[in-house]
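Shown next, in structure tokens, is the structure this report addresses.
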Amino acid sequence: MQLKLDDSRRLTGPNLFWNHVGAIIDVSISGVDKSSVIAIWKTQARALLDALAWHEEKLTSRVYQGGASLVISAPIDCLYAATEVNEAAWHYTLVQLGLESANNFSNTLTELKKLIKDEENPLLLQLIQTANKKAKPLLSDDDCVSIGYGANSLVFPVTDLPDINQIDWDMLCDIPLALITGTNGKSTSVRLTASIVKAASKKAGITTTDYIRVGDEVIDKGDYSGPGGARTLLRNPSVEVALLEVARGGLLRRGLAVSQASAALITNVAADHLGEYGINTVSDLASAKFVVHRALGPNAPLILNADNALSVEQAKNIKQLIHWFSQDENNPVIQNHYQETVAFVRDDTIVIRKNNVEHQIVKVSKVPITFNGAAAHNTQNCLGVSLLCFALGFSKEEIRQGLLSFNGDNQDNPGRGNYYEKNGVKIIIDFAHNPHGLRAVSETVKHLPASRSLVLLCQAGDRSDKDITDMVHAALNAKPDCIVVCELESHLRGRELGDVPRVITDALLKSGLQTDAIIQASSVLDGVKKALAWAQADDLLLLLALTDRDKVVELIQTKM
């Protein structure tokens, strides 16, 4: 019998389990029935919660291959203490199973009560209660509390909160806010939506895995797709419309940053980053992505991809207003919801149909990021974003202008389908890092005219051999004449130097690619140099540059 605590953390917003805040522990369990372990934990956790007078707090759990997540709800002002309570419950679980010697229960209670006392913030709870009654959005973290969003917000230090009667509640309100998630296309969809907001002469604030941006100004660079980035953006007084990329990691670590949103878009669900936080299957991942629906009220729609089987299946598990989109008007899901609000392509035109009224938005082939319709994945992104913006109240003309003005270059959409043409050579730079995304980009390459094609391929070392092999097969879908295999020395992540290129090369050879069609490179930049040296007029290069993208762009612009 082996039991191990893998992780202990706070859940600060709506999450995979419920809408409550609280504390979670992920535990490894082997050699014993999981249900019996969870039953003991529930007994121990309930005893601790009652002894601490947290009688109203709840318990839940989730079993997965190799372990379980054990969750308690807790007052929002005592979440650090709540993690200690949960860890204490796990300790007494191990004691009952004979795996640890018991700490004195009375002493444990005394320590936990002191932690709770030190963390309690009655004025914060009063502010939250009042904000909820007045239907005003409130965000809190270790440093600040804010009421309202963007231009309609006030921010206070958590240690110096105002009296509720001194707040001008009428000037504090929300702004249009959209949550955007999915396996692929999140960042592109966020930026594309921002282009439409700009076409409507409003200032969009966005969070992505690359930066926080307000209007055209980048506020900070880095991965801001979690709750911290969302709070920073929503406290910026210049923001008129908020567009939040919601990535899997932040969602599973902390939950959603907000509990109220105007709409949410799930671009698609496919295998990626499996094996973390108990998310071991694509069905698990779908459940995680669909957490965004918890922030939606009865009239706030969830925008879903009817061409994505996992999304269609997962939608059966929720009761939510759904607007569907598809590239095919005859998709059965679209037809089943034809009298509601849907978007589809008909005769190369994006059409939004609502209450039996059709709105023709734009020709797909005219939108730059579709590559004259060859990039089917970006056509789907345009459909989802069009439907999202329609739900947010933007006009079809604003949507059309936003789509047409979004060039998808390194300025508009860094690392996502950036297109260059130098000396007759067509070049696409993309960040595709999972098989689903790479297959979509490969399909684009396959449908673009070229004499020869080349793919530059690399991968981080934390992916399994199977994951890397799946990437290779996705790349071969482009029917390349040559593949450049690059080392990612900065992303070995536990592997030996040369290990990932070996896995890639072996998979290429087993797939039938000849040795002389494979070029080895010591880095992405070295690989790009070799790709450019290989290229001739009318060739097409797909550069999957997972690192050094700015340097790659500079190299292309200066060396050709």
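The values are calculated or read from the model by the stated rules, or taken from the named source; none is laboratory data. On a predicted model such as this, the values are computed, not experimentally measured, just so you know. Note that we place each Cβ from the backbone using ideal geometry, even for glycine, and neighbour counts take in every protein chain shown.
Of note:
- None of 280, 317, 308, 330 is without any contact (Cβ under 8 Å) to a residue 24 or more places away in the chain and not assigned by TED's automatic domain parsing to the domain that holds residue 11 except 330.
- Number of the condition not met by residue 450 [criteria: (1) within 30 Å of residue 215 (Cα to Cα); (2) in contact with a Leu (Cβ under 6 Å, 6 or more places away or on another chain); (3) surrounded by fewer than 19 Cβ atoms within 10 Å (Cβ to Cβ)]: (1)
- Subset of segment 92-110 that is surrounded by 18 or more Cβ atoms within 10 Å (Cβ to Cβ) and out of contact with any Asp or Glu (no Cβ under 6 Å at 6 or more places or on another chain) - its residue that is nearest to residue 39 (Cα to Cα): 93
- Exactly one residue among 130, 159, 108, 183 is among the polar types (S, T, N, Q) and closer than 24 Å to residue 292 by Cβ, and that residue is 183.
- Restricting 542, 513, 448, 454 to residues that are within 28 Å of the chain's Cα centre (by Cα), of a type in the set (A, V, I, L, M, F, W, C) and outside any helix (DSSP H, G or I) narrows the list to 542.
- Condition met for residue 441 (in the same structural domain as residue 518 (by TED's automatic domain parsing) and more than 23 Å from the chain's Cα centre (by Cα)): no
- Of the strands (runs of 3 or more DSSP E) contained entirely in segment 287-401, those carrying at least 2 residues that are surrounded by 17 or more Cβ atoms within 10 Å (Cβ to Cβ) and within 22 Å of the chain's Cα centre (by Cα) fall at 302-305, 322-325.
- Members of segment 504-527 found to be more than 11 Å from residue 456 (Cα to Cα) and of a type in the set (Val, Ile, Thr), listed by number: 504, 505, 515
- All positions within segment 31-68 that are modelled with pLDDT of 95 or more, farther than 27 Å from residue 115 by Cα and either touching a Lys or Arg at 6+ places or on another chain (Cβ under 7 Å) or among the polar types (S, T, N, Q) (or both): 35, 36, 63
- Going through (1) under 24 Å from residue 353 (Cβ atoms); (2) surrounded by fewer than 19 Cβ atoms within 10 Å (Cβ to Cβ) one by one, residue 263 falls short only on (2).
- Any strands (runs of 3 or more DSSP E) falling wholly within segment 1-87 and containing at least 1 residues that are crowded, with 21+ Cβ neighbours inside 10 Å, charged (D, E, K, R) and at positive phi: none
- Failed item in (1) farther than 22 Å from residue 393 by Cβ; (2) in contact with an Asp or Glu (Cβ under 9 Å, 6 or more places away or on another chain); (3) among the polar types (S, T, N, Q), with residue 132 passing the rest: (2)
- Members of segment 50-70 found to be in contact with a strand residue (DSSP E or B) (Cβ under 7 Å, 6 or more places away or on another chain) and either more than 26 Å from residue 144 (Cβ to Cβ) or not assigned by TED's automatic domain parsing to the domain that holds residue 110 (or both), listed by number: 58, 59, 60, 61, 62, 66, 67, 68, 69, 70
Yes/no matrix, rows are residues, columns are (1) without any contact (Cβ under 8 Å) to a residue 60 or more places away in the chain; (2) surrounded by 13 or more Cβ atoms within 10 Å (Cβ to Cβ); (3) under 18 Å from residue 425 (Cβ atoms); (4) touching a helix residue (DSSP H, G or I) at 6+ places or on another chain (Cβ under 9 Å):
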site: 488; (1), (2), (3), (4): yes, yes, no, yes
site: 497; (1), (2), (3), (4): yes, no, no, yes
site: 545; (1), (2), (3), (4): no, yes, yes, yes
site: 553; (1), (2), (3), (4): no, yes, yes, no
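- Residue match in segment 155-176 (condition: assigned to a helix (DSSP H, G or I) and of a type in the set (Val, Ile, Thr)): yes
- Contact annotation: residue pairs with Cβ atoms under 9 Å, 6 or more positions apart or on different chains, pairing a residue in segment 339-360 that is of a type in the set (Ser, Thr, Tyr) with a partner that is assigned to a loop (DSSP other than H, G, I, E, B) and surrounded by fewer than 16 Cβ atoms within 10 Å (Cβ to Cβ), are 341/355.
- Hey, residue 238 surrounded by fewer than 24 Cβ atoms within 10 Å (Cβ to Cβ), of a type in the set (Ser, Thr, Tyr) and in contact with a Leu (Cβ under 8 Å, 6 or more places away or on another chain) or not: no
- Condition check for residue 197: in contact with a Lys or Arg (Cβ under 9 Å, 6 or more places away or on another chain), surrounded by 21 or more Cβ atoms within 10 Å (Cβ to Cβ) and in a loop (DSSP other than H, G, I, E, B): no
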